[in-house]
Amino acid sequence: MTSLPLDPSLNLGLLENGLTFYVKENQKPLNALEIRLVVRIGSLVEEEHERGLAHFLEHLAFKGTRSFDRGDLIKRLEACGVQYGQHLNASTSQDHTIFKLSVPLGEGDPLERLNLALSVIREFSDGIRVSDEDVETERGVIEEERRLKAGPGRRILELWWAKVFRDGGARLHAERFPIGLSKVVLNCTPETIRGFYAKWYRPDLTGVMVVGDLAKLGGAESVVDAVRSAFSSNFSSSSSCPTSSSPSSFLAENLENKLENKLENERPGRLLLPHCPLPSHRDGDVFVWAADPELAHVSVTLEFFEPLRIEPTAQEIRRDVARRLLTTLMDQRVMTLARSGEPPSVVADKAAGDETVVTGSVAWPRPFLSAGVSCRPIIELLRCTGVSCRVGVLESDLWAGIAGLLTACKRVAAHGFTANEFRLAQTKWRRAFESQLADKANLSSSSIVDECVTHFLHEGTTPLAGHAAELNLCLQFLDELQLGDVNKFAASTFDVSSMRFKGQIGQQVHEAADDNVFKVLCIQRPVRAGVDVIDEETAVAKSKAILETVHAAAVEPWPTTEPVSSLVTFLPQARAEQPGLTAVKTAPLPACGASEHTLSNGVRVCTKRCPEFRQGQVSFQAFALGGSSELTEAEETAFCLIDDVAEKSGLGDLDGEAYAHLQAQWQARVNTQRHTYHRGLGGSAPTEKLRELLAMLELKLTPGRQPFSPGALAQCVELQVEGLRFRDEQPEFELMERARVMAFSDVPVMRPTRPDLLRAVTVDDLARLYAAAFTRRPEHFTFVFVGDLPEDATLLPLLEEHLGRLGRRGEDEQQESTYGGGDTGGLFSGLGNKGDPVAAAPHGPEVAAGLGPGAWGAPGGGGR
């Protein structure tokens with residue numbers, strides 16, 4: 001198949017010594033360069049006595065080089081505005097090491113800065129000073145890095161890699177973590193590190209990328225000449241590369257062959273890259289039971305593995321678009337499952353003792369608290385598509401979560417997605433691609449240099465046709481792909497009909513077309529008081545039983561729903577009877593290049609056109625004085641739930657599901673915000689959907705149009721409570737609590753969220769707080785709109801139509817208690833007659849000293 005042409009504005013070439021370079025002009029940001037040195041060498045090439053040396057060498061690069069003594073390199077670059085860590089950094093993985101350098105060109109001679117930057121990364125290539133002193137100093141630094149990472153995440157990661165990779169015959173991937181072994185790091189000699197450096201840091205394995213404002217440097221050709229000058233000679237270690245005593249059968253194709261070039265100085269005696277096979281599990285799919293005392297929640301992940309084969313063709317972009325649609329569709333589906341029904345613990349309580357909840361049915365109401373889908377390469381040649389969920393700590397929650405994921409995958413494989421789901425995903429990606437295409441002039445240099453790095457690491461097999469060309473292809477294929485194409489893709493990706501764990505009854509050897517296609521069920525679960533005790537043997541047996549039940553059960557197609565296309569019909573009916581619009585008063589704000597508009601109801605709106613910030617997009621922020629500092633602890637607990645519950649409850653007459661789909665379709669959002677001293681709203685939308693964005697904002701600020709559903713509240717509370725379940729046992733929490741009390745004293749509103757207060761919140765509490773904060777005096781908000789705004793002749797009537805009517809519905813007299821108004825003495829008037837459970841609780845000497853709830857406002861008002 002014909003490869004896509006390379007980006008014509010990209011200078012890609014090979015030096016005679018084998019080094020690959022990428023040079024490209026890009027002026028976002030101006031006066032800056034992004035430079036990368038990439039070596040296709042990581043921890044996989046280490047022998048047993050070298051485990052950790054690739055990472056060790058990366059650390060030593062910043063200690064000193066041939067021309068920069070200890071500490072001089074950092075000082076010299078900092079004098080040019082380069083900050084260590086932010087602009088100068090490095091990372092080591094299993095198969096590569098990357099050195100990052102971001103160089104400002106604003107002051108001084110830009111050519112001098114370019115040459116300095118190139119000399120630095122050239123010396124990283126073959127001039128790292130591996131001195132005895134530097135090695136001894138860095139041993140402790142690396143061991144401290146190891147200690148900081150030695151938590152539950154690290155333990156589970158090592159267990160997962162052992163089960164998936166080592167047990168699948170991919171031992172090197174399972175063992176060769178970049179951090180290495182302590183015994184190697186603490187005992188290796190400088191000579192051993194130098195030997196590793198000389199052996200593997202070679203021009204034919206090295207790439208240099210320079211992207212940025214090249215005009216100040218004489219253009220791209222001038223920069224290419226500078227790169228040639230800095231790197232054209234052989235590395236000092238190249239001529240002494242040892243040969244392999246037992247050459248591997250695997251040698252990755254050289255990038256130069258893909259570009260139909262040939263090195264003039266090939267050396268057949270060079271050490272070959274090791275052969276690292278992909279994992280294979282033909283004897284059954286993988287079960288990973290990761291129980292750890294330091295985990296904070298329970299999660300279940302169903303992972304689908306397949307070989308990653310990439311080619312620089314249009315067909316590859318088509319497959320990528322199809323994969324994006326598929327993951328979005330599956331993500332929408334499991335998120336819908338997480339939003340519907342009752343929390344798992346509620347279901348479990350209702351079905352106590354009913355074994356059918358576990359094994360007799362595959363239709364559990366809302367089987368998980370939250371869920372999502374990911375698709376990523378785990379290693380360079382292996383892709384993983386994962387469907388994950390969080391569940392409660394009860395044993396029945398776990399079984400429901402496993403069955404829920406398996407059933408969701410089975411339903412998709414059997415029946416696919418609906419036409420409405422497909423249209424929604426298609427619209428989402430069309431708007432995303434169109435937005436990126438409209439904003440192509442603002443593509444950052446760091447994004448471009450990352451694409452060049454990926455192209456080099458994959459030896460030229462990834463498309464690199466240019467941002468605009470690839471986006472146009474994405475839009476073309478998005479229109480060409482049909483629902484049937486994606487459903488066929490879904491049937492092959494999420495098929496669980498052949499899934500069998502190792503040792504399962506009736507197990508047969510996998511008949512997959514590829515040895516490297518397999519599935520993994522991974523369960524992560526805390527082992528501590530308050531969590532049902534389950535051992536691994538029980539978990540495996542129960543999971544196998546659930547899998548058999550799912551295999552045997554019939555699944556119905558997903559219900560078809562009609563899409564909602566407009567919010568206009570849900571706007572207040574009273575608007576037709578309101579008086580006509582009046583002229584908007586406009587005043588310039590020359591200091592910031594903006595304008596201030598005063599609408600007929602007194603609402604102030606500031607606008608600033610800056611399409612170069614993000615073309616085709618509009619963003620807004622609204623704010624009014626009065627925030628969390630004026631609330632009691634119980635009120636603040638309720639207020640922190642408002643935005644999440646509102647989002648899941650819907651808007652106007654739309655329920656949460658329909659509203660979520662409408663937001664996805666429009667790519668528009670409006671959210672409420674809480675801050676210490678003010679509250680606000682924020683959102684964004686494509687410019688063409690500005691009217692719809694304003695309609696959403698109008699509904700948000702109209703009394704009675706923001707619903708709060710008990711089901712949404714129960715779900716949000718359940719999620720928060722689960723997240724807090726083991727918080728108090730974490731040492732980091734204890735440290736932060738002591739710091740909080742020292743910094744702020746024990747001010748009630750600054751206290752961490754408490755589960756008992758969360759469970760006490762009602763939808764009436766949310767409605768009262770929301771009315772006081774957002775709908776009683778919407779004219780107290782100042783609105784700021786920025787981005788690719790239409791001209792005033794179009795914009796101002798829209799603002800007057802949707803924001804100029806706020807607060808003019810005859811309800812002012814009934815709603816005097818509000819932020820910044822009324823006679824209660826506080827910005828909120830409390831949460832009703834249930835009393836303040838916080839006031840009676842012992843919180844330390846501050847309450848007695850007069851800093852408790854209501855001390856600065858009216859009795860019970862919580863005003864500060």
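The values are calculated or read from the model by the stated rules, or taken from the named source; none is laboratory data. As the structure is a prediction and not an experimental result, all values here were calculated from the model. Don't worry about glycine lacking a Cβ; one is built from the backbone with ideal geometry, like all the others, and counts go over all protein chains shown. These accessible areas exclude ligands, DNA and RNA; they are computed on the full protein's heavy atoms, side chains included. Shrake-Rupley method; radii C 1.70, N 1.55, O 1.52, S 1.80 Å.
Rounding to the nearest 20 debye, state how big the charge dipole of segment 80-176 is about its Cα centre with +1 on each Lys and Arg Cβ and -1 on each Asp and Glu Cβ.
It comes to approximately 720 debye.
Net charge within 12 Å of Ile534 by Cβ-Cβ distance, Lys/Arg positive one each and Asp/Glu negative one each, not counting Ile534 itself?
-4
Kindly write out, for segment 772-788 in residue order, the coupling ³J(HN,Hα) from the Karplus curve 6.51 cos²θ - 1.76 cosθ + 1.60 (θ = phi - 60°), rounded to whole Hz, with x marking Gly and Pro.
5, 7, 10, 10, 6, 9, x, 5, 7, 7, 9, 10, 10, 10, 9, x, 8
If R0 is 60 Å, what FRET efficiency do you get for Ala545 and Arg70 from their C-beta distance, rounded to 0.05?
0.45
What distance in nm lies between label points placed 7 Å from Cα along the C-beta direction at Asp792 and Arg423?
Result: 4.0 nm between the two label points.
Between Ala591 and Arg147, with labels modelled 7 Å along Cα→Cβ, what's the label distance in nm to one decimal, could you check?
Label-label distance for Ala591 and Arg147, simple model: 5.0 nm.
Residue-wise, which Karplus ³J(HN,Hα) couplings in Hz belong to segment 618-626, taking 6.51 cos²θ - 1.76 cosθ + 1.60, θ = phi - 60°, and x for glycine or proline?
These are the phi-based 3J(HN,Hα) values: 10, 10, 9, 9, 10, 8, 9, 5, x Hz.
With just the Cα atoms defining each centre, how far is segment 661-707 from segment 414-448? Give it in Å.
A separation of 21 Å, based on Cα centres.
Mind checking which lysines have their Cα closer than 22 Å to the Cα of Lys608? Skip sequence neighbours fewer than 8 apart in that chain.
Lys28, Lys440, Lys585, Lys689
Taking +1 at the Cβ of each Lys and Arg and -1 at the Cβ of each Asp and Glu, which of Cys640, Gln615, Ser628 sits farthest along the dipole of segment 593-677 towards its positive end, judged by Cα position relative to the Cα centre?
Highest projection toward the positive end goes to Gln615.
Tell me, what is the FRET efficiency for Ala529 and Thr462 to the nearest 0.05, using R0 = 41 angstrom and their Cβ-Cβ distance as r?
0.25
What percent does the relative contact order of segment 367-525 come to when contacts are Cα pairs within less than 8 Å and at least six residues apart? Intermediate results must be reported in sequence, preceding the final value.
Working: 110 pairs, mean separation 36.5, N = 159.
So the answer I get is 23 percent.
For the pair Ser229 and Glu48, how long in nm is the line joining their label points, each one 7 Å along Cα→Cβ?
Reported label-point gap for Ser229 and Glu48 is 5.0 nm.
With θ taken as phi - 60° and the coefficients 6.51, -1.76 and 1.60, list the Karplus ³J(HN,Hα) couplings across segment 153-161 in order, rounded to whole Hz; mark glycine and proline as x.
Going residue by residue, I get x, 5, 5, 5, 4, 5, 5, 4, 5 Hz, with x marking Gly and Pro.
Can you return the aspartates and glutamates within cross-link range of Lys502? Criterion is Cα-Cα under 12 Å, with same-chain partners fewer than 8 residues away left out.
Asp167, Asp283, Asp285
Compute the signed sum of charges (Lys and Arg +1, Asp and Glu -1) over the other residues within less than 12 Å, Cβ to Cβ, of Leu521.
Once positives and negatives cancel, what remains is +4.
At a 1.4 Å probe radius, which order do Leu457, Leu681 fall into by accessible area, largest first? All intermediate terms of the calculation are to be shown ahead of the outcome.
Numbers: Leu457 30, Leu681 0 Å².
The ordering from most to least exposed comes out as Leu457, Leu681.
Let me have the relative contact order for segment 585-716, percent, based on Cα pairs under 8 Å that are six or more residues apart. Please report the intermediate quantities before stating the final value.
Values: 186 pairs, mean separation 34.0, N = 132.
Result for segment 585-716 is 26 percent.
For segment 11-67, what number results from the quotient of the Cα radius of gyration and 2.2 N^0.38 Å?
1.56
In what order, largest first, do Ile523, Ile310 sit by accessible area if the probe radius is 1.4 Å? Working shown, then result.
Working: Ile523 0, Ile310 45 Å².
If we order Ile523, Ile310 from most to least accessible, we get Ile310, Ile523.
Quick check on segment 151-239: take the gyration tensor over C-alpha atoms, sort the square-rooted eigenvalues as a ≥ b ≥ c, and tell me if it's rounded (a/c under 1.5), prolate or oblate.
On the way: a/c = 2.93, a/b = 1.87, b/c = 1.56.
Here segment 151-239 falls in the prolate category.
Keeping all protein chains in place and using 1.4 angstrom, which order do Met335, Met736, Met330 fall into by accessible surface area, from largest down?
Order by accessible area, largest first: Met736, Met335, Met330.
Taking square-rooted eigenvalues a ≥ b ≥ c of the alpha carbon gyration tensor, is segment 20-102 rounded, prolate or oblate, where a/c under 1.5 means rounded and, failing that, a/b exceeding b/c means prolate?
Details: a/c = 2.72, a/b = 1.42, b/c = 1.92.
The shape class here is oblate.
Any chance you could run the full-extension gain for Ala491 through Ala552? It's 0.36 nm times the residue separation minus the Cα-Cα distance, nm to one decimal. Intermediate results must be reported in sequence, preceding the final value.
Values: separation 61, 0.36 × 61 = 21.96 nm, distance 1.77 nm.
That pair, Ala491 and Ala552, stretches by 20.2 nm at full extension.
Along the Cα-to-C-beta direction of Lys608, a point sits 7 Å from the Cα; which residues of segment 781-795 have their amide N less than 13 Å from that point?
Taking a point 7 Å out along Cα→Cβ of Lys608, the residues of segment 781-795 whose backbone N falls under 13 Å are 784-788.
In square angstrom, rounded to the nearest 10, how much accessible surface does Glu48 have for a 1.4 Å probe?
Around 90 Å² of this residue is reachable by solvent.
Find how much the distance from Ser498 to Thr782 grows on full extension, using 0.36 nm per residue of separation minus their present alpha carbon separation; answer in nm with one decimal.
96.4 nm
Return the long-range amide H neighbours of Asp285 (sequence gap of 5 or more, or a different chain), with a cut-off of under 5 Å between placed amide H atoms.
Close amide H contacts, sequence-distant or interchain: Arg500, Phe501, Lys502.
Among the lysines, select those whose C-alpha is under 27 Å from the C-alpha of Lys63, and discard any that sit fewer than 8 residues away in the same chain.
Counting by Cα, and skipping residues close in sequence, Lys63 has these lysines nearby: Lys75, Lys100, Lys149, Lys183, Lys199.
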